[in-house]
Amino acid sequence: MSRAVSVCLLKGGIGKSTTSINLARELAHRENDVLLVDLDPNGHTTTGLGFGEEFYAEAHLGDVLLDDAELDPQDLILETGFELDLLPSNDRIEQVESDLGGVMMGSARLKQRVVDPLLESEYDYIVVDCPAARGKLNDNALYATQNMILPMRPESGALSGLEKTVKRLIQPAREHFNLEILAVVPTDLRDRIDHDRPTRRLIEALISKPNIASKLPSFAYIEPEFFEAIDDGTWEEDLPKPGIRHRSAIDASIREHMPVRDYADSCDQLECYDELAEIVENGEVQR
């Protein structure tokens, strides 16, 4: 089933662009035609794939959303060389926020002009990297895709960022259309989980919430009883290492402007991104 998905959280620096790039790449590796849309004014996905000059192009995605002449989005799509295509962001796209508020169906432009025309006819999957701020660009992404991936780093404010996203984005959106959370994705985890450190606090907090725990991929899920066994000293097996773990290869791949698979195809975290791609294909977490 063809599907569009937004990678979103109302907090910056939580791995949205890294997740978007590698999710799209793994969907492509699974023999799908994939378009990656960079809707974030920061343009980290665009520059992260090596299109720094295109970030300053004259015509851009904002023109597609606003131009009454309906600029064809296919005129802006770039071949990345990594088996996926990119609709890049632009340094002026943030300026369309206020303009979208004054046009007819301003929150439906991405759906009408990009996702609906291109999904199925040109692409099997469309992945949208969203802004970290509430606004019309995010509204467009959620309405166009109606599916979400929520990445989270184990840092101060991660859980409050999730709570803010639910209250300020997801709940208001669900008053108007169906919006599904496909997965909550802990990423860039570094600590052991037998110590009271950020990684354990994040994973334990997510597992304690049944509605969130059901959205954790298998690579990030631990049975709640594990923590009790760890704390009382009865756990005798090797410690699990949940989430997408920090790897130098992941950081280096972004510096080298390519997905992890194309930079280091032996990276052990590729199986996590592959499972995330499978979740998008299935439309839900399956354990």
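The values are calculated or read from the model by the stated rules, or taken from the named source; none is laboratory data. These numbers were taken from a predicted model, which means no experiment stands behind them. Don't worry about glycine lacking a Cβ; one is built from the backbone with ideal geometry, like all the others, and counts go over all protein chains shown. Only protein heavy atoms, including side chains, enter the accessible area calculation; ligands, DNA and RNA are left aside. Shrake-Rupley method; radii C 1.70, N 1.55, O 1.52, S 1.80 Å.
Please go through (1) more than 20 Å from Gln269 (Cβ to Cβ); (2) surrounded by fewer than 19 Cβ atoms within 10 Å (Cβ to Cβ); (3) within 20 Å of the chain's Cα centre (by Cα) for Glu58 and return the number of the only condition it doesn't satisfy.
(3)
Do you know which residues across the range 33-47 are among the hydroxyl-bearing types (Ser, Thr, Tyr) and buried (at least 22 other Cβ atoms within 10 Å of the Cβ)? Break it down into steps so the answer makes sense when it comes.
Filtering the range 33-47 down to residues among the hydroxyl-bearing types (Ser, Thr, Tyr) leaves 45-47.
Of everything in the range 33-47, those that are among the hydroxyl-bearing types (Ser, Thr, Tyr) and buried (at least 22 other Cβ atoms within 10 Å of the Cβ) turn out to be Thr45, Thr46.
Let me spell it out: the conditions are (1) of a type in the set (Ser, Thr, Tyr); (2) at pLDDT 95 or above; (3) more than 21 Å from Val34 (Cβ to Cβ), and Tyr263 meets all of them except one. Which number is the exception?
Here Tyr263 meets the rest and fails (3).
I'd like to check something: does the range 197-209 contain any residue that is modelled with pLDDT of 95 or more and assigned to a loop (DSSP other than H, G, I, E, B)?
No, the range 197-209 has no match at all.
Got at least one residue in the range 19-32 being within 26 Å of Pro154 (Cβ to Cβ) and open to solvent by 30 Å² or more (accessible area, probe 1.4 Å)? Even if it seems obvious, please write down each step before you answer.
At the first step, the residues of the range 19-32 found to be within 26 Å of Pro154 (Cβ to Cβ) are 19-27.
Pick out the ones that are also open to solvent by 30 Å² or more (accessible area, probe 1.4 Å) and you get none.
Checked the range 19-32: no residue is within 26 Å of Pro154 (Cβ to Cβ) and open to solvent by 30 Å² or more (accessible area, probe 1.4 Å).
In the range 211-287, which helices (runs of 4 or more DSSP H) lie fully inside it and hold 3 or more residues that are farther than 20 Å from Leu182 by Cβ and open to solvent by 20 Å² or more (accessible area, probe 1.4 Å)? Talk me through it step by step, then tell me what you get.
Working: elements: 225-232, 248-255, 260-263, 270-282.
Fully inside the range 211-287 and qualifying: 225-232, 248-255, 260-263.
Which one is modelled with the lowest pLDDT, of the residues in the range 1-11 that are surrounded by fewer than 24 Cβ atoms within 10 Å (Cβ to Cβ) and in contact with a helix residue (DSSP H, G or I) (Cβ under 9 Å, 6 or more places away or on another chain)? Talk me through it step by step, then tell me what you get.
Within the range 1-11, the first condition is being surrounded by fewer than 24 Cβ atoms within 10 Å (Cβ to Cβ), and the residues that meet it are 1-3, 10-11.
Adding the requirement that they be in contact with a helix residue (DSSP H, G or I) (Cβ under 9 Å, 6 or more places away or on another chain) leaves 1, 3, 10-11.
Details: Met1: 70, Arg3: 94, Leu10: 93, Lys11: 90.
Across the range 1-11, the extreme among qualifying residues is Met1.
Scan the range 3-30 and report the pairs whose first residue is without any contact (Cβ under 8 Å) to a residue 60 or more places away in the chain and whose second residue is of a type in the set (Phe, Trp, Tyr) and surrounded by fewer than 24 Cβ atoms within 10 Å (Cβ to Cβ), with Cβ atoms within less than 9 Å and a gap of 6+ or a chain change.
Sorted first by the residue in the range 3-30, then by its partner, the pairs are Ala28/Phe82.
Mind checking which pairs have a first residue in the range 145-174 that is more than 12 Å from Lys11 (Cα to Cα) and assigned to a helix (DSSP H, G or I) and a second that is among the hydroxyl-bearing types (Ser, Thr, Tyr) and open to solvent by 10 Å² or more (accessible area, probe 1.4 Å), Cβ under 8 Å, 6 or more apart or different chains?
Listed by first residue and then by second, the contacts come to Ala173/Tyr143.
Is it the case, given these coordinates, that Ile244 is out of contact with any strand residue (DSSP E or B) (no Cβ under 7 Å at 6 or more places or on another chain) and of a type in the set (A, V, I, L, M)? Talk me through it step by step, then tell me what you get.
Details: out of contact with any strand residue (DSSP E or B) (no Cβ under 7 Å at 6 or more places or on another chain): no; of a type in the set (A, V, I, L, M): yes.
It is false that Ile244 is out of contact with any strand residue (DSSP E or B) (no Cβ under 7 Å at 6 or more places or on another chain) and of a type in the set (A, V, I, L, M).
How many residues are surrounded by fewer than 21 Cβ atoms within 10 Å (Cβ to Cβ) and not in a loop (DSSP other than H, G, I, E, B) if we restrict to the range 119-135?
If we filter the range 119-135 for residues that are surrounded by fewer than 21 Cβ atoms within 10 Å (Cβ to Cβ), which is where we start, we get 119-122, 124, 132-135.
Next, only the ones that are not in a loop (DSSP other than H, G, I, E, B) stay: 119.
The qualifying residues number 1.
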